[in-house]
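Working notes for the structure below.
Any read-out appearing in this document is the output of simple, stated calculations on the displayed coordinates, not a laboratory observation. Computed from a predicted structure; not experimentally measured. Using ideal geometry, Cβ is built from the backbone for each residue, glycine included, and neighbour counts are taken over all protein chains shown.
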Ligand SMILES: *[C@@H]1O[C@H](CO)[C@@H](O)[C@H](O)[C@H]1NC(C)=O
Ligand SMILES: *[C@@H]1O[C@H](CO)[C@@H](O)[C@H](O)[C@H]1NC(C)=O
């Protein structure tokens with residue numbers, strides 16, 4: 001019951017219950033972005049109420065799992081693996097990074113071992129996961145994957161999650177929505193109207209001077225290039241793309257949930273009668289049981305943390321940790337959200353549009369695009385071996401993108417300003433109430449205890465002593481994205497330094513990657529280097545099912561609250577004491593290896609090929625004729641039945657299955 005698994009059987013049941021209640025209380029509180037203590041208590045009450053009401057959903061969504069691994073000999077206790085994607089540190093446990101790496105490596109190895117090796121296995125796996133036949137052309141796709149040695153051929157859940165809501169809509173209506181959307185300002189449409197036709201740019205809504213391989217429709221040419229060898233295997237389709245960095249289809253949770261239920265039942269939603277909107281702005285993308293819908297959020301202000309609740313947390317599931325519905329402080333700490341205050345009005349219909357970097361609260365479809373893709377860092381001397389990289393500080397240079405800087409907007413809390421403040425720049429903005437974000441003069445750092453020793457609660461350190469020795473992160477160039485007066489102010493607050501040449505950047509062992517106006521396209525270069533990459537982002541990208549945080553890079557929370565700890569774990573304190581450089585180095589090497597084997601042009605082609613096979617099917621009025629029937633799934637579970645009429649009864653709990661949370665926006 002309650003999804004909890006307390007293995008420490010020597011404890012009395014009563015004690016276990018108390019512990020559970022305490023854990024539940026703490027876990028809900030850790031990240032509360034609340035205005036003051038009074039609000040916080042209010043928030044907690046509402047939150048508890050919402051939780052109780054939520055019934056069986058709650059268990060699946062909030063169930064806590066305590067790590068089974070035991071360290072009896074050392075009397076070490078266990079950390080808590082929360083369902084919001086974070087590990088909550090128990091000071092009496094070992095340093096959590098040891099086990100985060102070990103677990104990640106084990107599950108990555110298992111994923112590799114499980115991968116299908118024949119078309120039959122791939123069909124079986126597809127059918128098992130998605131309960132329908134693969135799309136027509138799947139055999140050609142499989143042949144491409146085999147020929148080009150594309151790894152992990154089953155791991156495309158991102159495509160399923162992006163397209164599944166559209167299975168709950170009538171394709172004739174979808175086609176109409178898509179066609180109308182071609183007129184949307186700033187968009188381009190790629191596709192083919194007949195099976196035998198090659199792909200082309202079908203439509204666009206910018207001035208024709210912006211058309212051409214280097215204009216706003218650049219992406220269209222890149223897609224055509226990626227797919228040129230396989231386009232004849234893809235049925236006809238028209239796909240509208242936004243050329244901008246940011247996604248723009250903010251999701252309505254109730255609507256999306258209804259569409260997913262219809263997809264599951266094999267019926268259609270009635271697009272003329274969408275469900276009543278139950279929340280406004282960003283919150284409309286969140287489930288009624290989510291943390292964000294059940295606490296007070298200090299919109300336009302700062303997140304707040306009760307001083308006594310200072311548990312450290314680390315990411316164990318990067319995708320889940322990006323969800324602002326479960327981590328409401330993201331709404332206050334990232335330009336993607338801060339720029340729009342409480343958030344835009346959600347669309348009252350689901351629109352099939354592709355955008356470069358959707359967040360989990362948008363329903364734009366995620367493509368694999370080669371922007372800033374590189375085969376390797378050339379010349380190779382610009383990317384020295386680990387031991388030849390003389391600087392063991394964490395490096396970052398960039399401009400202050402991500403948000404418009406003007407009075408009235410909390411640009412000082414957007415991701416890039418926070419990063420340079422975290423690193424010690426902009427000291428006039430220091431704020432002791434934001435110590436948990438690393439924005440005060442003192443920091444608390446978990447010291448890298450040896451394996452098998454208790455990690456403790458961390459030590460206080462003065463940032464002026466630590467930062468210069470351990471970090472080299474600064475804005476580069478000139479103040480940007482700012483009103484004239486604010487530009488001057490930015491120039492006074494922050495030290496804008498020279499941009500670094502690749503060669504200079506190659507001297508560092510550690511890089512931090514953060515979002516700019518949208519997702520960070522420099523990640524490809526960083527992960528390809530021989531340095532270790534720390535990555536903090538709000539945008540799950542196309543390769544999320546195909547990469548392993550803690551194996552290939554170090555995941556960092558959006559609020560950077562774990563960055564000092566992770567950095568100190570790998571490179572040690574300012575003097576290098578307590579470092580685990582061997583571990584840093586092997587993740588750096590694994591990251592580079594991953595980049596060279598999982599993020600080639602061929603891997604993006606395989607993704608886009610499969611995406612458009614799926615997309616052309618879900619958009620086609622004769623969907624079932626576009627299934628691949630060449631290889632039948634081996635006997636097993638039944639597939640879906642489709643009746644495909646408008647269903648009126650989308651009862652909340654009807655099939656209130658736990659799988660709803662798998663599709664969670
Ligand atoms: C482009 O899209 C608009 C809006 O749907 C449509 O009216 C127009 O005919 C389309 N152009 C082409 C060339 O298909
Ligand atoms: C910061 O830490 C120093 C000791 O390292 C301590 O003396 C000082 O009071 C602390 N400041 C704050 C604001 O906590």
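Brief remarks follow.
- Applying the Kirkwood pairwise sum to the alpha-carbon positions of the range 230-382 produces a hydrodynamic radius of 18.2 angstrom.
- Neighbour counts of other Cβ atoms within 10 Å put 612, 206, 570 in the fewest-to-most order 206, 570, 612.
- Each label point was placed 7 Å from the Cα along the Cα-to-Cβ direction; for residue 206 and residue 194 their separation is 3.1 nm.
- Zone residues, the range 320-337, relative to residue 431, backbone N less than 13 Å from point 7 Å out along Cα-to-Cβ: 332-334
- Taking a point 7 Å out from the Cα of residue 583 in the direction of its Cβ, the residues of the range 87-128 whose backbone N falls within less than 11 Å of it are 94-103.
- Helix 157-167 and the longest principal axis of the Cα set of the chain meet at an angle near 50°.
- Its DSSP H runs of at least 4 residues, each contributing -39,500 (n - 2.57), put the calculated 222 nm mean residue ellipticity of the chain at -10000 deg cm²/dmol, to the nearest 500.
- Among beta bridges that DSSP assigns inside the chain, antiparallel share in %, nearest 5: 50 percent
- Each peptide in 78-85, 361-368, 640-647 receives the mean, over its residues, of other Cβ atoms within 10 Å, and ordering these scores from highest gives 361-368, 78-85, 640-647.
- Rounded to the nearest 5, the antiparallel percentage of DSSP beta bridges internal to the range 370-603 is 20%.
- Counting neighbouring beta carbons within 10 Å and listing from fewest to most, the residues 123, 551 come out as 551, 123.
- Distance between modelled label sites at residue 149 and residue 522, nm, 7 Å Cα→Cβ extension: 3.1 nm
- Taking every C-alpha pair closer than 8 Å and separated by at least 6 residues, the mean separation divided by the residue count of the range 370-603 gives a relative contact order of 26 percent.
- The relative contact order of the range 119-245 comes to 23 percent, based on Cα pairs under 8 Å that sit 6 or more residues apart.
- Extended-chain gain in nm, criterion 0.36 nm per residue less alpha-carbon gap, residue 453 and residue 640: 62.2 nm
- Relative to the longest principal axis of the Cα atoms of the chain, the long axis of helix 96-114 lies at roughly 20 degrees.
- Exposure proxy for 428, 381, 581: other Cβ atoms within 10 Å of each Cβ, ordered fewest to most, give 428, 381, 581.
- Full extension of the chain between residue 375 and residue 77 yields a length gain of 102.8 nm, computed as 0.36 nm times the residue separation minus the alpha carbon distance.
- Nearest-ten-degree value, helix 37-54 long axis tilted from longest Cα axis of the chain: 40 degrees
- Extending 7 Å from the Cα toward the beta-carbon at both residue 442 and residue 176 defines two label points whose distance is 6.5 nm.
- Note on the chain: Cα-Cα pairs beyond 48 Å make up 13% of the total pair count.
- Tail fraction, Cα-Cα pairs, the range 370-603, threshold 31 Å, whole percent: 21 percent
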